[in-house]
Amino acid sequence: MSGEKLSIEEAGVSEFIQKLNVNITELGLTPEHHYNTDETGLNWRQLPIKMLVTQEEKHVSGRKLQKEWITLMVCANAPGVHILKLLVVRKSKSPCALKNIRVESLPFTYMSYIRARVTKEVFHDWYTNSFVPQVKQHWNEKKLPVKALILLDNAPGHPDKEELRVRQLMAI
């Protein structure tokens, strides 16, 4: 079972598909122009919540659970021939693991935010400085016009239509 079904307006789905198909046809987009992005959280380096104790022990000393949380955002085009660099969002601006390493040389895009989440600011930064340049480079290598359609879910960190239109004009 999935918890996202309730957020779908059944009546609007067929209307959305029609509008999407019209836009795809008008812009002359192929499946290679369709990009999809989504994020997921990764909780790592956390101790187990439960532990085994002997019957003789009356108390188990308490401790605060330390959690390390990162958000990963993936993006690729529909056929999967162009997979963009993975976006990693973590709390620390300069983690110890990346000491003496240039962030630009990493095989992924690294960003920091205090809660290690994708916010609108993080998304706009990724869109402007990672998505647009990578898509332009991909299409220049293929010697095709630079066009892309990015499909997003309604996560709080994603911009709305108007914000994307403004970004689209700025990116061109």
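I need the full set of residues from the stretch 86-100 which are surrounded by 13 or more Cβ atoms within 10 Å (Cβ to Cβ) and among the charged types (D, E, K, R), in order please.
Those that are surrounded by 13 or more Cβ atoms within 10 Å (Cβ to Cβ) and among the charged types (D, E, K, R): 90, 91.
Could you pull out the residue among 93, 85, 136 that is at pLDDT 90 or above and either at positive phi or part of a loop (DSSP other than H, G, I, E, B) (or both)?
Numbers: 93 fails: at pLDDT 90 or above; 136 fails: either at positive phi or part of a loop (DSSP other than H, G, I, E, B) (or both).
Answer to the check: 85.
Select from the stretch 106-131 the residues that are in a helix (DSSP H, G or I) and among the β-branched types (Val, Ile, Thr) and write down the one among them that is surrounded by the most Cβ atoms within 10 Å (Cβ to Cβ). Reasoning before the result, please.
Of all residues in the stretch 106-131, those in a helix (DSSP H, G or I) come to 120-131.
Next, from what is left, pick out any that are among the β-branched types (Val, Ile, Thr): 122, 128.
Details: 122: 20, 128: 13.
Only one residue tops the list, namely 122.
Only one residue in 74, 103 is under 30 Å from residue 43 (Cβ atoms), among the hydrophobic types (A, V, I, L, M, F, W, C), touching a residue at least 24 places away in the same chain (Cβ under 8 Å) and surrounded by fewer than 17 Cβ atoms within 10 Å (Cβ to Cβ), so which one is that? Don't jump to the end; show me each part of the working.
Details: 103 fails: touching a residue at least 24 places away in the same chain (Cβ under 8 Å).
From the options 74, 103, the qualifying one is 74.
The values are calculated or read from the model by the stated rules, or taken from the named source; none is laboratory data. Source: prediction; values computed, not measured. Here the Cβ is made from the backbone with ideal geometry for all residues, glycine too, and neighbour counts use every protein chain on show.
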